[in-house]
1. Of (1) in a loop (DSSP other than H, G, I, E, B); (2) surrounded by 15 or more Cβ atoms within 10 Å (Cβ to Cβ); (3) at pLDDT 90 or above, ILE83 satisfies all except one. Which?
2. Output the residue which, of all residues in region 20-56 that are modelled with pLDDT of 75 or more and farther than 19 Å from ALA70 by Cα, is surrounded by the most Cβ atoms within 10 Å (Cβ to Cβ).
Amino acid sequence: MVTATFDTTEKVPVFSTSAMLNAITVREILERIGIPVSLNYESLEHETGIQAGLYSVIKLLVPREKSDEARRVLEAESPTGEIFSHAA
């Protein structure tokens, strides 16, 4: 018998981007220090009729209790602000 488990932890966005490479990079940074990350993909095509790519917005979600730590890490990892300029 297989038992399904559901993660009921409240998650909040700490970063958003339209570039998958940025999302993966940020996810790797956070997961490397033990912060679990979920990716949420949103397409704006159905709202605007304009196709801006496979996904128009990729949001990185972390557990609420880890969100302050995640934001501090992203700020520390961003000396120039280039890749992390889309923090949520």
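1. Unmet condition: (3).
2. It comes out as SER56.
The values are calculated or read from the model by the stated rules, or taken from the named source; none is laboratory data. In this text, all values refer to a predicted model and were calculated from it rather than measured experimentally. Note that we place each Cβ from the backbone using ideal geometry, even for glycine, and neighbour counts take in every protein chain shown.
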